[in-house]
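Undergrad: My structure is below; once you've seen it, I'll send some questions.
The values are calculated or read from the model by the stated rules, or taken from the named source; none is laboratory data. What you see is a predicted model, and the numbers here were worked out from it, not measured in a lab. All Cβ positions, glycine included, derive from the backbone under ideal geometry; neighbour counts span all protein chains shown. Surface areas here come from the heavy atoms of the whole protein model, side chains and all, with no ligands, DNA or RNA. Shrake-Rupley method; radii C 1.70, N 1.55, O 1.52, S 1.80 Å.
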Amino acid sequence: MSHVPADPAVLHPMPGQPRVVQLMPLVTSALIEVGEYSYYDDPEDATAFETRNVLYHYGPEKLVIGRFCALGTGVRFIMNGANHRMDGPSTFPFPTLGGSWADHFDLLTGLPVRGDTVVGHDVWFGYRATVMPGVRIGNGAIIAADAVVTADVPDYGIVGGNPAKLIRTRYDDADIARLLAVAWWDWPAEHITEHVRTIMSGSIDELEAAAPGGSARPGR
């Protein structure tokens, strides 16, 4: 069997399927960081991810997405630029429309922000999930279809609903600590290639044994 890793620099990794793009070779914004192999699937125009799926992104806050994340069609990241004042009678942002209203632009500066939006490694986003500004999503998490994520998600947590609530965690605390320690997403691509079956369907014991420098066993 060939042990040639997938190429993280290929924009369309699936031949004949332009709906799937790897995000790292796609994004150009200095405000977006994406790790290797994370991909987005959209039958309309997956290459428009930066403008259609990352909204109100005026900075300086960043969107950071880890490695090996799977983003379903319609996933949206709402950034801090969407914020409006809520401490007066109206939330309408008059200065943005210009004219003499622009003289009051100071009313739109200094609004509360929640910082960068950070997604860990190996996170699966379901269809049309929405992530609100400043949320941090842990490694191995699953975001259900149509979920609206307004608060941080723990490592290996499964969340769903609007606002999204924790449904359960995929493993108990002890096993989550083991998974975070083995951190398979940081392994060299060649080593991952040798142990894809263990990473996808093996036990934690087998994953630990397969780790670089360990007593690796064949992937099952």
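Undergrad: May I ask you to verify whether Phe77 is touching a residue at least 12 places away in the same chain (Cβ under 8 Å) and either assigned to a strand (DSSP E or B) or acidic (Asp, Glu) (or both)?
TA: Yes: the conditions hold for Phe77.
Undergrad: While we're looking at this one, here's another question. Restricting to the range 108-131, give me the number of residues that are of a type in the set (A, V, I, L, M) and either without any contact (Cβ under 8 Å) to a residue 24 or more places away in the chain or more than 24 Å from Ala151 (Cβ to Cβ) (or both).
TA: So the answer is 1.
Undergrad: Of all residues being in contact with a strand residue (DSSP E or B) (Cβ under 6 Å, 6 or more places away or on another chain) and polar (S, T, N, Q) in the range 48-80, which is farthest from Tyr127 (Cα to Cα)? Just the residue, please.
TA: That would be Asn53.
Undergrad: I've got another one for you. Scanning the range 63-84 for residues that are crowded, with 16+ Cβ neighbours inside 10 Å and more than 12 Å from the chain's Cα centre (by Cα), which turns out farthest from Ile143 (Cα to Cα)?
TA: Only one residue tops the list, namely Asn83.
Undergrad: Considering only residues that are open to solvent by 80 Å² or more (accessible area, probe 1.4 Å), within 19 Å of the chain's Cα centre (by Cα) and of a type in the set (D, E, K, R), which ones fall in the range 97-133?
TA: Those that are open to solvent by 80 Å² or more (accessible area, probe 1.4 Å), within 19 Å of the chain's Cα centre (by Cα) and of a type in the set (D, E, K, R): Arg114, Arg128.
Undergrad: Collect the residues in the range 157-194 that are touching a Lys or Arg at 6+ places or on another chain (Cβ under 7 Å) and over 30 Å from Val4 (Cβ atoms), keeping them in residue-number order.
TA: Correct list: Ile158, Val159.
Undergrad: Additional query: Give the residues of the range 23-42 that are buried (at least 20 other Cβ atoms within 10 Å of the Cβ) and over 12 Å from Ile65 (Cα atoms), sorted by residue number.
TA: Asp42 - this is the single residue of the range 23-42 that is buried (at least 20 other Cβ atoms within 10 Å of the Cβ) and over 12 Å from Ile65 (Cα atoms).
Undergrad: Sticking with this structure for a sec: If you scan the range 30-59, which residues turn out to be closer than 24 Å to Trp185 by Cα, out of contact with any Phe, Trp or Tyr (no Cβ under 7 Å at 6 or more places or on another chain) and assigned to a loop (DSSP other than H, G, I, E, B)?
TA: Ala30, Leu31, Gly35, Glu36
Undergrad: Among the residues of the range 43-61, write down those that are open to solvent by 50 Å² or more (accessible area, probe 1.4 Å) and under 14 Å from Thr28 (Cβ atoms).
TA: Thr47, Thr51
Undergrad: Does the range 37-62 hold any residues that are within 12 Å of the chain's Cα centre (by Cα) and over 29 Å from His104 (Cα atoms), and which are they?
TA: Tyr37, Ser38, Tyr39, Tyr40, Asn53, listed by residue number.
Undergrad: Six or more apart or on different chains, Cβ under 6 Å: which pairs go from a residue in the range 89-107 that's touching a residue at least 24 places away in the same chain (Cβ under 8 Å) to one that's open to solvent by 100 Å² or more (accessible area, probe 1.4 Å) and not aromatic (Phe, Trp, Tyr)? Could you list them?
TA: Matching pairs, first to second residue: none at all.
Undergrad: Return the residues of the range 136-181 that are of a type in the set (A, V, I, L, M), more than 26 Å from Ile78 (Cα to Cα) and surrounded by fewer than 18 Cβ atoms within 10 Å (Cβ to Cβ); say none if nothing qualifies.
TA: Scanning the range 136-181 gives Ala174, Ala177, Leu180, Ala181.
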